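Input: a single structure, listed below in structure tokens.
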Amino acid sequence: MASTRWGIMGTGAIANDFAQALKTTPGAVLHAAASRSQASADAFAKKHGIARSFGSYEELAADGEVDIVYVATPHAFHRDNVLLCLGAGRHVLCEKPLAVSAAQVAECVAAARERNLFLMEGMWTRFFPVARAIRKAVAEGAIGKVVSVSASLGFKLEPSFNPRLYEPALAGGALFDVTAHARLLPSGVDQQTFATLEYEGGAMAHLELAAKRRDHRETGYIRTGRPTQCPETYTIGDEPDPMLLRARRVEVEEPLDPPNPGLAPGYNYVGSQGLRFEAEAVQQALHEGRTEHPEMRLDESLAAARLFDEIRAQIGLRYPWDEDQGVARLGASHQ
């Protein structure tokens, strides 16, 4: 496969992990990095052996040798950063969420389609071997017709871990980070959100998104292993018959490289070495001339954004741009 030259926009924790993962991705070239400060960009480039560093996002977007930009800035700035890159003719992989409202996501999608450029929301776990294997098993009827889904993802939120998660102006809270009923923190961001979704055909899903405690799950027909956000195993099984106490259970292992007992060396988040799967998928799509990835289509990002808008409306979660979409004028400092 031909090489793909990546530009990384932002120099925070997730940008570090993506850069680290690109080093293990066949065909990936760490070409350039950008921050709002030249010093931060230089330090990031030196750490990861990146040839070019820019002290502004505009310079990165203007670099004609960049094939695709990975946007790793705070959520509230994704729309502006994505539009900047698309406007300069760059393909874009944007860390989730693609933007912080359905209107903003629609702007990004329209710009990408108008310019015939690749754009994808970085739903990285969708490309994990376990996630792909589960989708295949469901499609092949391994558990029959799906009538119920229960999903829970949570972590213990501490101010020292990531202050951004406490800031409404930066789209803090659980909804955008670990995705109705909600518990709001004094600052106004959501600490815990519950949502029940009803689908055509009668199927239902119950979602629990938390930033107040670690995750827990009940048993299910298909169950992922731990850690929840980047599992290496999954189980396909029947619930035990209450009379005969019997069950069918098949456990499948799809290990990460390196394996996932905890933080891999050089990474900030557990399982981040699995970002390689997402990068590989994006590169393959680019080499095939695609403008969307079939496993993470833009219409799905639009649908999710509309769902989040509805959840926020129901739980009373508001952000500054709900009244004024001019996110760039918030004035918050960010890398």
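Coordinate-derived values only; no laboratory data. Being a predicted model, the structure only gives us computed values, none of them experimental. Don't worry about glycine lacking a Cβ; one is built from the backbone with ideal geometry, like all the others, and counts go over all protein chains shown.
Of note:
- Total formal charge among the other residues, if their Cβ is under 13 angstrom from that of Ser53, Lys/Arg +1 and Asp/Glu -1: +1
- Cut-off under 5 Å, modelled amide H: who pairs with Val92 long-range: Val69, Phe118, Leu119, Met120
- Each residue, Val138 and Arg113, gets one label point 7 Å from its Cα in the Cβ direction; the gap between the two is 2.4 nm.
- Taking the Cα centre of the stretch 1-60 as reference, the dipole from Cβ charges on Lys and Arg (+1) and Asp and Glu (-1) amounts to some 160 debye.
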